[in-house]
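Quick notes on the structure that follows.
The values are calculated or read from the model by the stated rules, or taken from the named source; none is laboratory data. Note that this is a predicted model, so its numbers are computed, not measured. Methodologically, a virtual Cβ is constructed for each residue, glycine included, from the backbone with ideal geometry; neighbour enumeration extends over all protein chains shown. Quick note on the areas: whole protein, heavy atoms, side chains included, nothing else; ligands and nucleic acids left out. Shrake-Rupley method; radii C 1.70, N 1.55, O 1.52, S 1.80 Å.
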Amino acid sequence: MVATGSLSSKNPGSISELLDHGFYPGSLINDFDYWDYVVPEPNLNEVIFEETTCQSLVKMLENCLSKSKQTKLGCSKVLVPEKLTQRIAQDVLRLASTEPCGLRGCVLHINVEVGNVCTKLDRIVCDSTVVPTFELTLVFKQENCSWTSFRDFFFSRGRFSSSLRRTLILSSGFRLVKKKLYSLIGTTVIEEC
């Protein structure tokens, strides 16, 4: 039975039917109030905060790649697939959501895997005032395209050296490894995306 606004004292049959089933006029309001507590409205402040945190993580990842291109990666350009840093930031937030301090207790290690060599790019402490409770290791992967190495071969023969002209193309896949620091169980979670 669905209670609608059409029930009123003008329809005595409907009211007597409600009374027969144990619904009393005063309890209808209480029943509707009950649903306000069971199904809460989404907290828009949390949604905005999460989106802001996600965007700041995206900026941190992009800045790390930008700073590392000539110093640690030895290339002039890093091409990142669309929405890759957004997906990574969302996964980092998801993994941090089960931790006691959330993202504030995270230390994020950022690496790039080129061929069989893993290069460390940066170490980011999300909040230096909080003792870290877990570590995340992010591993970007290089796209496996044979044409890029072929192209780099031709550029190395020209006026520019290959280290200045080389373009690193990242794959849409990545690896996140979560390691709890102060857990009795000592769980490690590895996610390949």
query: Given (1) modelled with pLDDT of 90 or more; (2) within 19 Å of ILE169 (Cβ to Cβ); (3) open to solvent by less than 20 Å² (accessible area, probe 1.4 Å), where does CYS75 come up short, assuming only one miss?
result: (1)
task: Can you tell me which residue within the range 115-127, out of those that are modelled with pLDDT of 90 or more and not acidic (Asp, Glu), is surrounded by the most Cβ atoms within 10 Å (Cβ to Cβ)?
output: LEU121
- prompt: Yes or no: THR119 of a type in the set (Val, Ile, Thr) and within 19 Å of SER172 (Cα to Cα)?
  reply: yes
query: If you check GLN86 against the conditions, is it open to solvent by 70 Å² or more (accessible area, probe 1.4 Å) and either in contact with a Pro (Cβ under 7 Å, 6 or more places away or on another chain) or in a helix (DSSP H, G or I) (or both)?
result: no
- request: Restricting attention to the range 92-111, report how many residues are surrounded by fewer than 18 Cβ atoms within 10 Å (Cβ to Cβ), assigned to a helix (DSSP H, G or I) and not aliphatic (A, V, I, L, M).
  value: 3
